[in-house]
1. Considering every residue within the stretch 73-93, establish whether at least one is in a helix (DSSP H, G or I) and more than 24 Å from LYS164 (Cβ to Cβ).
2. Among the residues of the stretch 1-57, write down those that are of a type in the set (S, T, N, Q), out of contact with any His (no Cβ under 9 Å at 6 or more places or on another chain) and not in a strand (DSSP E or B).
3. Let me confirm something: among ARG41, ARG61, which residue is in contact with a Pro (Cβ under 8 Å, 6 or more places away or on another chain) and surrounded by 18 or more Cβ atoms within 10 Å (Cβ to Cβ)?
4. Just to be sure before I move on: is ALA66 in a helix (DSSP H, G or I) and farther than 30 Å from THR168 by Cα in the structure I sent?
5. Those residues that are surrounded by fewer than 20 Cβ atoms within 10 Å (Cβ to Cβ) and under 20 Å from GLU14 (Cβ atoms), I need them from the stretch 64-81; list them, please.
6. Would you say PHE51 is touching a residue at least 24 places away in the same chain (Cβ under 8 Å), surrounded by 14 or more Cβ atoms within 10 Å (Cβ to Cβ), closer than 19 Å to THR15 by Cα and of a type outside the set (Val, Ile, Thr)?
7. With (1) surrounded by 14 or more Cβ atoms within 10 Å (Cβ to Cβ); (2) modelled with pLDDT of 95 or more as the list, and ARG182 as the residue in question, which single condition is left unmet?
Amino acid sequence: MSKGVTIYFMRHGETYLNYYGRMQGWADAPLTPRGEADVRRSGRGLADVEFSAVYTSDLQRTVKTAELILDENHATAKDIQIEKRPEFREVFFGSFEGLEAKDLWDKVTAVATEKAGEYTGFTTDESVRLELDTFKEMDPYHDAENFMEFWMRVELGLIDVITKHRETDKKILIVSHGMTIRNMIHELIPQFEIDAMLDNASVSIVRYQDGQYHLEAFNQTDHFAVEEINEEETDLDHSDMS
């Protein structure tokens, strides 16, 4: 059997903009205390996984997440470098960055439904493209990324990483963002439909071999190390996906 590569896609930990329910694409905010705690729990659950390379977007929330994961890891070389790639950033929401997320998503859903007749909000081929195209149309400045702008950016980074590691038979870690990971997997895995948003610090595992991508896990959190959570932290909201 030919060699391939296994990619661990991880969403960053919860940030303050996630907690406040705000749109967060290229806008950046630090991890909340619970965000850091959940990342460490995720890291302890992956402590014995040896990563041969670690990539993040160039936004602080993914870099900090990767640093915490590596701090909990026993199998990966201690001198491994984190490679920051702007290609793995979240979708850019233009002038909507920082606004109330629920209100904006409600408007996007209404406009998309009017245009398409039916909009699931999840991942039929048309829905994934439609929601990003709708963001750009609704942005008064039209600076928000449409689907093609987003995918051309992300695909460049993904192809480069796959080309570099595809014959190593190793495991690599890519710490990125909710919509970016969701849309990457949707484009890579034929007939794959996502029925949930990605949780913070969750892991989705994709195996690349013989030119094909195979999904081994999606939105996995059951590996989290068990840990008591401060009662104050239990009210924080994980609902935002960016």
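1. Within the stretch 73-93, not a single residue is in a helix (DSSP H, G or I) and more than 24 Å from LYS164 (Cβ to Cβ).
2. SER2, THR32
3. ARG61
4. No, not satisfied.
5. GLU67, LEU70, ASP71, GLU72
6. no
7. So the condition that ARG182 fails would be (2).
The values are calculated or read from the model by the stated rules, or taken from the named source; none is laboratory data. All values derive from a computational prediction rather than experimental measurement. Neighbour counts are summed over all protein chains in view; Cβ atoms, including those assigned to glycine, are modelled from backbone coordinates with ideal geometry.
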